[in-house]
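The values are calculated or read from the model by the stated rules, or taken from the named source; none is laboratory data. Just so you know, these numbers come straight off a predicted model, no measurement behind them. Here the Cβ positions follow ideal geometry from the backbone for every residue, glycine too, while neighbour counts run over all protein chains shown. Quick note on the areas: whole protein, heavy atoms, side chains included, nothing else; ligands and nucleic acids left out. Shrake-Rupley method; radii C 1.70, N 1.55, O 1.52, S 1.80 Å.
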Amino acid sequence: MSPTTRTAAPDAAATATADGSATAAPHSASVPAKAPPQAPTETTRPEAALPKPQSATAPAALRRRVAHRLPRLLLGAVTRSVAVVALLLLWEVAPRLGLADRTFLPPFSEVADAWWGLAADGQLADNARASLVRSFSGFGIAVALAVPLGLLIGWYRPVADLLGPLLEVFRNTAALALLPVFVLLLGIGETSKISIVVYACTWPILLNTISAVRGVDPTLLKLARSMDLPAHRLFQKVILPASVPTMFTGIRLAGAVSILVLVAAEMIGAKAGLGYLINASQYNFAIPQMYAGIITISAIGVAFNQLLVAVERRLSSWRVPTGG
């Protein structure tokens, strides 16, 4: 072997052919081949996989909820208004067909025209404002006095034994029977009218509050006492919440009484108010105006009662609803 002949390295080995010639193996075996360039791939953004924020889906959920409840609400509104619409139709038709004397019971359309006329010239607003101020003032004073007194009488037996006979005497005395006494003692001005409203509203609130406190479930009281609650915490956490439904029954009754008693008082002696409007319309034989005043009183009573119902639901929202 020639001295210059070298042993082929593994990366440059010679391969023999059939005729004795040698060919060199390609050097590419020792050099790693470059990978073909890949097309750039678009990476997925992380935010694309995240769920949509709740604010984006809230309007759709709200629309579905409204669409689901709307037919039921419309059906309830129609059901509640059927009787009222039927009464108004009967009121309109009966005088026109001669079923009632048109002089004393004009059609409802004439009463509506009279109501609009009173509203347009400001008489209705002035008289309604005077009645509402008196009624709400007396009602508010009655609530402020009767609720604490009822809680006190219902919770503390000695106070109930002391005031019980006096309450029995006055609770059976009608407010309108004492109206002349209020007029004689307090005059014919605003003080006597507000005072008669306070007197009339006090008894429904007071009696229902006393009944509410005494009707609290004894099991709740035993459980609260077993937790070593102090007296004021027991009263705050157990007695007051459990008394709200029955208490508001009396408050709603007082709300109706405040308007009815005031109208009667205004009919006897007043220069403004819905009672005065009704009485003056009767004397002047303006029968449509008289019925317009009566309708206004009814509307105020319904609106006031609905307001009290909303307040009651707000204060007693802890109760489990009994109906679906």
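Scan the stretch 268-315 residue by residue and report those that are open to solvent by 20 Å² or more (accessible area, probe 1.4 Å), touching a Pro at 6+ places or on another chain (Cβ under 9 Å) and either outside any helix (DSSP H, G or I) or more than 30 Å from THR246 (Cα to Cα) (or both).
Scanning the stretch 268-315 gives ILE268, PRO288, TYR291.
When the residues of the stretch 120-161 are filtered to those that are open to solvent by 60 Å² or more (accessible area, probe 1.4 Å) and within 19 Å of LEU260 (Cα to Cα), which remaining residue is modelled with the highest pLDDT?
Once the filter is applied, the top-ranked residue is ILE141.
Kindly establish whether VAL84 is hydrophobic (A, V, I, L, M, F, W, C) and in contact (Cβ under 8 Å) with a residue 60 or more places away in the chain.
Against the criterion (hydrophobic (A, V, I, L, M, F, W, C) and in contact (Cβ under 8 Å) with a residue 60 or more places away in the chain), VAL84 does not qualify.
What are the pairs with Cβ atoms under 8 angstrom where one residue, in the stretch 235-249, is farther than 16 Å from LEU308 by Cα and the other, located anywhere, is of a type in the set (A, V, I, L, M) and open to solvent by 50 Å² or more (accessible area, probe 1.4 Å)? Sequence gap at least six, or different chains.
Every condition considered, the pairs that remain are LYS237/LEU229; VAL238/LEU220; VAL238/LEU229; ALA242/LEU220.
Residues of the stretch 99-119 being loosely packed, with under 15 Cβ neighbours inside 10 Å and part of a helix (DSSP H, G or I), which ones?
The answer is SER109, ASP113, TRP116, GLY117, ALA119.
Take the residues in the stretch 223-254 that are under 23 Å from the mean Cα position of the chain (by Cα) and of a type in the set (Lys, Arg); name whichever of them is farthest from GLY150 (Cα to Cα).
By that ranking, first place goes to LYS237.
Conditions tested, residue by residue: (1) without any contact (Cβ under 8 Å) to a residue 12 or more places away in the chain; (2) under 25 Å from the mean Cα position of the chain (by Cα).
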| position | (1), (2) |
| --- | --- |
| ARG72 | yes, yes |
| GLY76 | yes, yes |
| ARG96 | yes, no |
| LEU105 | no, no |
| ALA114 | no, no |
| LEU118 | no, no |
| LEU124 | no, no |
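Can you tell me which condition LEU260 does not meet? The list is (1) under 16 Å from GLY138 (Cα atoms); (2) open to solvent by less than 30 Å² (accessible area, probe 1.4 Å), and all the others hold.
Against the list (1) under 16 Å from GLY138 (Cα atoms); (2) open to solvent by less than 30 Å² (accessible area, probe 1.4 Å), LEU260 comes up short only on (2).
Within the stretch 183-202, track down each residue that is without any contact (Cβ under 8 Å) to a residue 60 or more places away in the chain and open to solvent by 40 Å² or more (accessible area, probe 1.4 Å).
Hits for the stretch 183-202 are LEU184, LEU185, LEU186, GLU190, THR191.
In the stretch 171-182, how many are exposed (fewer than 12 other Cβ atoms within 10 Å of the Cβ) and touching a residue at least 12 places away in the same chain (Cβ under 8 Å)?
Of the residues in that region, 0 qualify.
Going by the conditions given, is ALA224 among the aliphatic types (A, V, I, L, M), surrounded by 15 or more Cβ atoms within 10 Å (Cβ to Cβ), out of contact with any Phe, Trp or Tyr (no Cβ under 9 Å at 6 or more places or on another chain) and assigned to a helix (DSSP H, G or I)?
Answer is yes for this residue.
Looking for something modelled with pLDDT under 85, assigned to a helix (DSSP H, G or I), open to solvent by 30 Å² or more (accessible area, probe 1.4 Å) and among the charged types (D, E, K, R) - is there at least one such residue anywhere in the stretch 239-256?
no
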